[in-house]
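S.K.: One structure, as structure tokens, below. Some questions next.
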Amino acid sequence: MDIKLLDAAPSNDERAAVDAVLGAPTSAWDGGARGTGDDSHVAFGGRAMREQRHRLVPALQALQARVGWISEGGLSYVCERLHVPPAEAWGVATFYALLATSPRPRRVVHVCDDVGCRSKGAKAVLSAMVGVSPAIAHEPSGDHVHLDADRAGWMHSPCLGLCDQAPAALVTEAGAVPTERLLGHVTPESARALLDGAAPGDDATAVTLLPQRGDPSLVLLKRVGVVDPTSLSAYRAAGGYEALTKAIAMGPEAVIREVTASKLVGRGGAAFPTGRKWEAVRTQRATPHYLVCNADESEPGTFKDRVLLTGDPFAIVESMTIAAYATGCTKGFVYLRAEYPLAATRLQHAIDAARTAGLLGADILGGGFSFDIEIRRGAGAYICGEETALFESIEGKRGEPRSKPPFPVEVGVFGKPTVVNNVETLANVLPIVLHGGDAFAKTGTAGSTGTRLFCLSGAVAKPGVYELPFGASLRSLLAAAGASPRLRAVLLGGAAGTFLRADEIDLPLSLEGARAANTTLGSGVVMAFDDEEDLVDIVLRVAAFFRDESCGQCVPCRVGTVRQEEALHRLARGKSRGGASTEIALLEEVGVAMRDASICGLGQTAYAAVESAVKRLGLFGGGAA
Amino acid sequence: MTTLVRIERPVRAPKAQVALTIDGQSVTADEGTTILAACRSLGIEIPTLCFLETLRPVNVCRLCVVEVEGARVLAPSCSRAIEAGMVVRTKSPRVVLARRLVLEFLASSVDLSTTPGMAELLAEYGCQPERFGPPAPQALAGERDAAIAGHHAPPDPAFAATVAQPVKVDNDLYVRDYAKCVLCYKCVEACGPDHQNTFAIAVAGRGFNARISTELAVPLPDSACVYCGNCIAVCPTGALMASAEFEMRAAGTWDESAQTTTDTICPYCGVGCTLSLHVQDNTIVKATSPLENGITLGNLCIKGRFGWQFVQGPRRGASGGDGRG
Ligand SMILES: Cc1cc2nc3c(=O)[nH]c(=O)nc-3n(C[C@H](O)[C@H](O)[C@H](O)COP(=O)(O)O)c2cc1C
Ligand code: SF4
Ligand code: SF4
Ligand code: SF4
Ligand code: FES
Ligand code: FES
């Protein structure tokens, strides 16, 4: 394929940033100087070049981190290096919210205004920002503003996964040594100071809010906040890598047998039996097999995976190694959301330390199998948590979900059989291997085995991650977290979950209990709202979230999320067309069409929370209550 | 001594037959057949928008959805393969509601005035796209191209958002009227891996701001476009339109009922593509190639697609020349 490049050259900084990720060019065929190698006689291209496509997003991220945006010259250089047509690269760059395709200041403060932060002071922070500098992008205050590179800018952000320390902000600063910090408990003053150039301070996730710290009943969280997450020897002293040693002694089939016996199901939202998934990949003849750890955690209100990744990173590396051993994978990816810089640092450290110790790489623990892990950072797209969109993103494409079937166990990343599991799902593998599947299945209920992590935030005195056996009641969990006595509603399962009324909280927190109550545990979100909360405003934010995060591929979701948000705004502002009941009927039709006809889970659940707000909470003049 | 060995042609195993039920009728078809193809073999009509026989299915418009018994959600018939024992319903209330809403979503946000068959379809499904509110004023030129992923201005309760925007006229051969674009991906596939391998256009942006674009939204003459017009050939809405047709439509002189089509062979090169010349008032107004033509699959190059003006230029020899002008 001939590529027509843009008529612009990269700056020296841009060239260096891209070369740092891709290596220096080897000849004129991939962006080097003419006549440097054998390039006048040999053509380099074809398959070898096409197989470089998966490095597109890391290369674009390098430009973003170096100069704060993706300039014409930078884009053209990446296209030349990877032989990607510029139109395609543009399509990818414009898909991700954290890649800028127009000039942006080097420092940007991304202020969370999502459901968990709105009531916790985010609005005050935002009004303080408006006074100092105009917003980047289409914000309520107006149009695009191209700010000067040296004056910090700010943007709204969807949930940053720090709802337990709301309000949250992510500070990104481009440069030779780029800075990324996830900050909690932001105040109008600290936000203004950030715009004025103050140093951003420590990452809020360095300290974990863990209300149950030290509780002997903890399984998944037992090392978090107790064992040094940056020390392999501390991890081993606390029992780390016993499970891998045991797994290798057992053999892959026995590992899968135990996982199946444990009745472990996925914690990423779809609750699919993990043993079945592993068995399906193990028996696939196509090779190689890939393992993907889904650490995209972008469901509003969710932050449990962040706590595991920052607090016990070796456990994720070890459980991935066991999963790879059982399913015959030689390569693993962790797809980590962009907004978790500390998790990236800690996990990379754990991977490197494990490799040095012979716990990753060739012939692990003398068991004759090889496996390694690579971290891929997201770039600001909730949809990339959907497993097939995630594959597309790793492959260097727009994060557009694929049509299923075929399923990932047959055709996954790079078209190969792929195991994809959530971080928390993987964390459960260690106790299953150590104590056996049957022992694991004794905890919880008959239909939901083991423990579950819940993300408590909102109107609770002790926010944070809680670990409870399946089957505990929502009421007791809320009581333990010190929920407001004036509790009015709970958002269960995230933006893709449902609102419950304060009188509906007696359900047992199990898959079957949630199903019977016509709700879902989703990603473990339990966000409480009391009577001071403007629930209409919260529902409008949920609707805006789905509109912003729709990949735009299919009509029901691309347009349906817009029509849903518009109808809610009409209702909220008393400007309904043909009366509230007509609007509510319209919402229902829009919602049912999204649920029935959308390609993926985003569109299929975009109406869930809105429906429950109307029918259960009785907002907008709908339903009971 | 020479022995002659007879080489047998490998016998391809006949495809397995799959039996299923569609709208109460039993049908058997080859393994791998789509639900859509199985329906058509029974004479059951299913509307499609993003599907085309010559392109890899992207199944994004969701107009062709059907109900498969036991499935949680509806299935796109254009790409879902049949399975043994499948029970399919093509006109259940769920199907009809989803199709009506898809049509209303499109009709309320996109100009469908030049989409063939659309008016009939909207009527058949009883669509009332105006119930979402009056269409919002059109965007300024370049405004949608500059949208930032993950952000949007709060909705104005007085209007329904649309993709309305000025027509992009940046070359002499064809125009891009993205106010009419339903984002069916066909042009991107035709320009890219399925046919032309030029990759001049791709989908950019996200969500409702997703759009077909060149890199940095540069004008076509600055892009990789080679003006084969193969994107125009597959566009189902008229968003991509040859300038000749666009201008005649603007002047009110475009009249398909007065047009005849004559197939001939393109005079330019040895490939010899089949050309269909669309003639109105004894003047060629458009050149296409039949989709079902096994050689072209509907594709042409710039010469075949646009290079016919000489036929109706000043009469050969009339200017006393040598017949070349
Ligand atoms: C819109 C959308 C977003 C998702 N985001 C995540 C996510 O951030 N993390 C995750 O583990 N699963 C997410 N999922 C679910 C994954 O598609 C997939 O089911 C899961 O990673 C499988 O792992 P499990 O079986 O261990 O749960 C998401 C699904 C959808 C539809
Ligand atoms: S449902 Fe939404 S997010 Fe999923 S494929 Fe369709 S447009 Fe994309
Ligand atoms: S005219 Fe041909 S090259 Fe140009 S955009 Fe259309 S398909 Fe691509
Ligand atoms: S321009 Fe035409 S072919 Fe291309 S996506 Fe839009 S409607 Fe489809
Ligand atoms: S961090 Fe703000 S809502 Fe989650
Ligand atoms: S025709 Fe099947 S989804 Fe578009």
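The values are calculated or read from the model by the stated rules, or taken from the named source; none is laboratory data. Model, not experiment: these values are computed from the prediction. For neighbour counting, all protein chains shown are included, and Cβ atoms are generated from backbone atoms with ideal geometry for every residue, glycine included. Accessible surface areas use protein heavy atoms only, side chains included; no ligands, DNA or RNA. Shrake-Rupley method; radii C 1.70, N 1.55, O 1.52, S 1.80 Å.
S.K.: Need one value: the accessible area of residue A:569 in square angstrom, 1.4 angstrom probe, rounded to the nearest 10.
M.R.: The accessible area of residue A:569 comes to roughly 20 Å².
S.K.: On to the next question. Determine the calculated [θ] at 222 nm for chain A from helices alone, applying -39500 (n - 2.57) to every DSSP H run no shorter than 4 residues and normalising by the residue count; nearest 500 deg cm²/dmol.
M.R.: Rounded to the nearest 500, the figure is -11000 deg cm²/dmol.
S.K.: Which ³J(HN,Hα) values in Hz, rounded to whole numbers, follow from the phi angles of segment B:43-56 under the Karplus curve 6.51 cos²θ - 1.76 cosθ + 1.60, where θ = phi - 60° and Gly and Pro get x?
M.R.: Each residue of segment B:43-56 in turn: x, 8, 8, 10, x, 9, 9, 9, 8, 8, 3, 8, 10, 5 Hz.
S.K.: Expressed as a whole percentage, what fraction of the accessible surface of chain A belongs to carbon and sulfur atoms when a 1.4 Å probe is rolled over the protein heavy atoms?
M.R.: With neighbouring chains kept in place, the figure for chain A is 52 percent.
S.K.: Per residue of segment B:120-133, in order, report the coupling 6.51 cos²θ - 1.76 cosθ + 1.60 (Karplus, θ = phi - 60°) as ³J(HN,Hα) in whole Hz, putting x for Gly and Pro.
M.R.: Those phi angles translate into 5, 5, 4, 5, 4, 8, x, 6, 10, x, 5, 5, 7, x Hz.
S.K.: While we're looking at this one, here's another question. Between B:80, B:72, B:94, which gets the highest mean-square fluctuation from a Gaussian network model of chain B, Cα cutoff 10 Å?
M.R.: Its mean-square fluctuation being the largest, the pick is B:72.
S.K.: Here is a follow-up. Counting Lys +1, Arg +1, Asp -1, Glu -1, what net charge surrounds residue B:41 among other residues with beta carbon under 14 Å of its beta carbon?
M.R.: Residues near residue B:41 contribute -2 overall.
S.K.: What do you reckon, how do B:264, B:274 stack up by accessible area (1.4 Å probe), largest on top?
M.R.: B:264, B:274
S.K.: Please list A:304, A:123 in order of solvent-accessible area, largest first, computed with a 1.4 Å probe with all protein chains present.
M.R.: A:123, A:304
S.K.: Give the accessible area for residue A:283 in Å² (nearest 10); use a 1.4 Å probe, count only protein heavy atoms, and leave out ligands, DNA and RNA.
M.R.: Result for residue A:283: roughly 90 Å² accessible.
S.K.: Could I ask something else about it? Find the cysteines in chain A that fail to meet the 4.7 Å Cβ criterion with every other cysteine, and list them.
M.R.: When partners are defined as cysteine Cβ atoms under 4.7 Å apart, chain A leaves A:79, A:159, A:163, A:293, A:329, A:384, A:455, A:551, A:554, A:557, A:600 without one.
S.K.: Using a simple spin-label model with points 7 Å from Cα along the Cα→Cβ vector, what separation in nm is obtained for residue B:37 and residue B:310?
M.R.: 4.2
S.K.: Per residue Cα convex hull volume for chain B, in cubic angstrom?
M.R.: Convex hull of Cα atoms, per residue: 230 Å³.
S.K.: Work through the residues other than residue A:598 whose Cβ is under 12 Å from its Cβ and net out their charges, Lys, Arg +1 and Asp, Glu -1.
M.R.: +2
S.K.: From the mean inverse distance of alpha carbon pairs (Kirkwood) and the Cα radius of gyration, derive Rg over Rh for the protein assembly as shown.
M.R.: Result: Rg/Rh = 0.98.
S.K.: On alpha carbon coordinates alone, what is the Rg over Rh value for segment A:446-522, Rh being the Kirkwood radius?
M.R.: That ratio equals 0.92.
S.K.: Can I ask one more? Past 24 Å, Cα to Cα: identify those pairs from A:4/A:404; B:186/B:303; A:575/A:615; A:120/A:304, in the order given.
M.R.: Where the Cα-Cα span goes over 24 Å, the pairs concerned are A:4/A:404.
S.K.: Then there's this: Cut-off 10 angstrom, C-alpha nodes, Gaussian network model of chain B. Which of B:157, B:166, B:47 fluctuates the most?
M.R.: B:157
S.K.: Further question: Top mean-square fluctuation among B:309, B:259, B:128, Gaussian network model of chain B, C-alpha springs under 10 Å?
M.R.: Largest GNM mean-square fluctuation: B:309.
S.K.: With θ set to phi - 60°, apply the Karplus curve 6.51 cos²θ - 1.76 cosθ + 1.60 along segment B:72-82 and write out the HN-Hα couplings as whole Hz, x wherever there is a Gly or Pro.
M.R.: Values, residue by residue: 5, 10, 6, 10, x, 5, 5, 10, 6, 6, 5 Hz.
S.K.: Sticking with this structure for a sec: Can you give the translational diffusion coefficient of segment B:15-129 in µm²/s, computed by Stokes-Einstein from the Kirkwood radius over Cα pairs at 37 °C and 0.692 mPa s?
M.R.: 223
S.K.: A further question follows. Can you list residues from other chains, or at least 5 along the same chain, whose modelled amide H is less than 5 Å from the amide H of residue B:139?
M.R.: B:164, B:165
S.K.: Can you sort A:312, B:30, A:372, A:2 by 1.4 Å-probe accessible area, starting with the largest?
M.R.: From most accessible down to least: A:2, B:30, A:372, A:312.
S.K.: Let me ask another. Accessible surface of residue B:289 in the full protein assembly, 1.4 angstrom probe, to the nearest 10 Å²?
M.R.: Counting only protein heavy atoms, residue B:289 exposes about 10 Å² to solvent.
S.K.: Membrane-span-like helices in chain A: DSSP H runs reaching 24 Å or more (Cα, own axis), mean Kyte hydropathy at least -0.5?
M.R.: A:555-572, A:580-597
S.K.: Tell me the mean residue ellipticity at 222 nm calculated for chain B from its helices only (DSSP H runs of n ≥ 4, each -39500 (n - 2.57), averaged over every residue, nearest 500).
M.R.: Counting only the DSSP helices, I get -4500 deg cm²/dmol.
S.K.: Related question: Send over the per residue convex hull volume for segment A:107-195, Cα only, as a whole number of Å³.
M.R.: About 87 Å³ per residue, rounded to a whole number.
S.K.: Given H placed on each backbone N at 1.01 Å, which residues far from residue B:174 in sequence or on other chains put an amide H within less than 5 Å of it?
M.R.: The list, which skips near neighbours in sequence, is B:243.
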